[in-house]
Each structure stands twice: as structure tokens, then as C-alpha cells.
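One structure below.
Any read-out appearing in this document is the output of simple, stated calculations on the displayed coordinates, not a laboratory observation. In this text the structure is predicted, and so the values were computed from the model without any measurement. Neighbour counts are summed over all protein chains in view; Cβ atoms, including those assigned to glycine, are modelled from backbone coordinates with ideal geometry.
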């Protein structure tokens with residue numbers, strides 16, 4: 001298995017933002033696939049206070065090679081001052097699926 005594939009997590013404030021970001025990342029070949037998970041309840045500490053929000057979580061499949069551009073694009077598109085952008089390496093998975101992620105990102 002190729003350890004170059006990543007799962008990137010990013011919480012969005014609403015479905016409109018999530019759709020805009022997902023569309024841009026896939027259209028620009030920065031992500032092979034983006035799953036949207038609506039109705040995520042987030043409890044977090046921000047600027048000294050404990051806060052709560054309903055968000056939409058993006059599960060973004062990409063590669064380590066595409067990650068720097070993906071991170072920059074996410075930061076540019078995201079309305080939060082400090083968006084959640086967390087990448088987790090995929091150490092195992094279907095060989096065919098991981099190859100598809102690699103083939104679907106980067107130059108056409």
C-alpha cells in the first residue's frame with residue numbers, strides 16, 4: 001500500500017461553505033473525493049471561552065504531494081479565522097482505491 005494517501009478533516013460552519021470547498025478541491029484535483037457529514041456537534045475552546053456549534057465535517061481524500069496546495073486552498077476558501085485542517089496518513093486500504101486517489105489528484 002502507498003502511504004502517500006491522506007485523509008484530511010475540515011469542519012465547516014454550514015452546508016453552503018462545505019459544498020463550495022468540496023467542489024473547488026475536487027475540480028482543482030487537490031482531492032479525489034470529499035464526503036460531507038452534516039450535523040456534527042462541536043464543543044471547543046476558542047479565545048478563552050468554551051463554545052458549541054453545529055458544523056458540517058468534510059472528509060477529504062488526497063495525497064501527501066497534493067497536501068500543501070490543498071491546505072493553502074482550504075485556508076483561502078474557509079471563513080473561519082483558524083479552520084480545522086488535520087491530515088491523517090492512510091497506512092492501509094484497498095490497493096485499487098488508494099491508486100485511484102493518487103490518479104485523481106495532481107496534474108491531469
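Worth pointing out:
- Yes/no for residue 20 being more than 11 Å from the chain's Cα centre (by Cα) and farther than 19 Å from residue 98 by Cα: yes
- Listing of helices (runs of 4 or more DSSP H) fully contained in the chain that carry 3 or more residues being free of Cβ contacts under 8 Å to residues at least 60 places away in the same chain and surrounded by fewer than 13 Cβ atoms within 10 Å (Cβ to Cβ): 15-27, 67-77
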